[in-house]
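Read through the structure below, which is laid out as structure tokens, and then see the notes.
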Amino acid sequence: MRAFTPKHGDGMLAIDTNVVVRYLTNDHPEQSLRARRIIDDLQVFVAVTVFLEAEWVLRSAYGYDQATIVRALRGFGGLPTVQIEDAAIVSSALDLVETGVDFADALHLRKSLHCTGFATFDRKLIKAAQAAAVGDVQEA
């Protein structure tokens, strides 16, 4: 097995969803070990879209429940080598997930806080947002 060597000096390395998932699930002997070495040894950047996709993969492909996923993503985001894009928004979205809002919807809502409201045809989202006391979410 070859070790990963960054090509651009000591800068931050962006990682893909599959690296995050392998790190969290430890389900592939070689790839999980490589993911662990990258994340534990280098400064890594995780885009919001990667975090979103990781939640989806852990839920849909691996069948983890929301509480387990939130706990895993929070722990991952708290690692000293990990920098999450818009970390405060992601954390706030994870808070909403704990109240029953879907993670993608929670990110949409939190990234839209600068707007006067949020319009959707998704009645489940409207109900969950109202239950979580999220701003003005209404039917389009």
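Take the residues in segment 120-129 that are surrounded by 12 or more Cβ atoms within 10 Å (Cβ to Cβ) and of a type outside the set (D, E, K, R); name whichever of them is farthest from Leu96 (Cα to Cα). Checking each candidate, the answer is Thr120. If you go through segment 57-116 and pick out every residue that is polar (S, T, N, Q), farther than 17 Å from Asp136 by Cα and touching a strand residue (DSSP E or B) at 6+ places or on another chain (Cβ under 9 Å), you end up with 3.
Computed from the coordinates by the stated procedures, all read-outs in this text should not be read as laboratory data. Note that the coordinates shown come from a computational prediction; the quantities given were computed from them, not determined experimentally. Don't worry about glycine lacking a Cβ; one is built from the backbone with ideal geometry, like all the others, and counts go over all protein chains shown.
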